């Protein structure tokens with residue numbers, strides 16, 4: 001086994017000074033390895049003194065480092081190797097070059113754009129191999145006329161539909177434009193006069209057509225009244241954590257008086273989510289910057305996690321001063337709500353991959369895309385190490401972070 005420094009490794013590729021966008025030249029070796037402690041990304045324990053073998057764009061094997069063929073060049077030895085982080089709930093960064101600068105160079109190898117104007121789909125669907133953060137995208141959010149997001153955001157972020165037939169047509173149009181997800185709004189708003197919600201037949205038609213086309217169905221839900229309709233429609237992902245409950249009689253609590261336990265109606269819906277393998281993406285970073293910050297955000301997350309519910313990780317960039325780059329604040333908030341660090345990392349990798357519909361990303365396993373991070377500190381004892389990755393690899397290609 002030959003261990004090379006990064007400089008020696010790059011020199012061995014023919015004198016290249018760095019691998020960045022120019023790495024599309026195909027100068028990378030067909031086969032190389034990383035050795036260290038491997039964090040698989042599925043919540044299972046780290047594998048000390050292991051090797052990740054990369055061939056082309058894929059992971060070929062994960063094996064004990066001592067069994068690695070000595071002729072295989074080792075790009076880096078030591079530290080922790082984990083899947084590239086996936087921020088599964090973001091907005092506005094569409095261009096492939098900007099996605100590289102704002103996400104990929106920081107170790108975020110893929111994103112889920114959770115609602116965007118139709119013109120943005122052309123940029124989001126351009127994902128040149130190894131040179132940008134791969135994007136899953138939804139296009140505008142489905143809603144009824146006058147429904148969220150239309151009262152709050154620009155009109156091009158909403159897609160108003162009035163019938164099941166029209167809804168199915170719009171889903172097909174989004175798929176033809178390259179969307180891999182659909183997003184439905186179940187948001188009555190925090191005011192006495194609620195915004196309209198999609199009727200059950202139209203909502204079910206959207207989800208059914210999306211599933212027929214292999215698309216992920218994501219639902220915006222912040223008010224508890226929207227959770228049951230979203231699940232009835234066929235949600236795969238609940239975006240945000242429902243943290244308030246507005247009724248015609250006024251606001252009602254979502255937690256018991258102890259402020260640690262969701263009310264029975266809420267627990268029943270969380271159990272239904274767990275039973276149906278529906279993913280929750282809490283977006284605590286953005287919500288804790290609002291007047292709703294408090295136990296109504298953390299307690300449902302803690303309860304859902306205790307039930308064995310699956311989560312993805314997204315910070316809703318760029319709203320309320322959230323950041324692009326590595327979503328460490330979201331990780332810390334999620335950890336503080338109950339999940340251990342291993343589960344938070346699983347949410348940021350394999351859980352987020354599921355939320356975006358990425359079947360070959362988010363885990364370190366044979367056949368998966370070689371989207372990898374190497375960090376020197378143990379991410380299972382603190383997330384700060386993720387902010388300073390030693391090495392970022394995308395689709396088997398070294399990313400120049402200089």
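Remarks
- The chain: angle of helix 200-212 to the longest principal axis, Cα-based, in degrees nearest 10: 20 degrees
- Subtracting the Cα-Cα distance of residue 199 and residue 44 from their residue separation scaled by 0.36 nm leaves 51.7 nm.
- In terms of other Cβ atoms within 10 Å, 288, 109, 180 run from fewest to most in the order 288, 180, 109.
- Spacing of the modelled spin labels on residue 126 and residue 101, each 7 Å from Cα toward Cβ, amounts to 1.5 nm.
- Anisotropy class of the stretch 346-402 from Cα gyration tensor, a/c 1.5 cut: oblate
- Here the label points at residue 277 and residue 307, each 7 Å from Cα along the C-beta direction, are separated by 1.7 nm in the simple model.
- Full extension of the chain between residue 293 and residue 336 yields a length gain of 14.1 nm, computed as 0.36 nm times the residue separation minus the alpha carbon distance.
- Most tightly packed first, judged by the mean number of other beta-carbon atoms within 10 Å of their residues, the peptides 225-232, 290-297, 269-276, 130-137 read 130-137, 225-232, 269-276, 290-297.
- Crossing angle, helix 264-275 versus the chain [Cα axis fit, 0-90 degrees, rounded to tens]: 40 degrees
- Between residue 232 and residue 60, the FRET efficiency from the beta-carbon distance, with R0 = 30 Å, is close to 0.10.
- Relative to the longest principal axis of the Cα atoms of the chain, the long axis of helix 295-306 makes an angle of roughly 60 degrees.
- Residue 92-residue 31 pseudo-label distance in nm [points 7 Å out on the Cα-to-Cβ vector]: 4.7 nm
- For Rg/Rh (Cα atoms, Kirkwood Rh), calculated from these coordinates, the label among (i) 1.03; (ii) 1.00; (iii) 1.07: (ii)
- Sorted fewest first by neighbouring Cβ atoms within 10 angstrom, 266, 191, 103 come out as 191, 266, 103.
- Percentage relative contact order, the chain, counting C-alpha pairs under 8 Å, at least six apart: 20 percent
- Neighbour counting of Cβ atoms within 10 Å sorts the residues 215, 280, fewest neighbours leading, into 215, 280.
Bear in mind that the values in this text are calculations on the coordinates, not laboratory data. No experiment lies behind these values; they were computed from the predicted model shown. In this analysis, Cβ positions are derived from the backbone assuming ideal geometry, glycine residues included, and neighbour counts consider all displayed protein chains.
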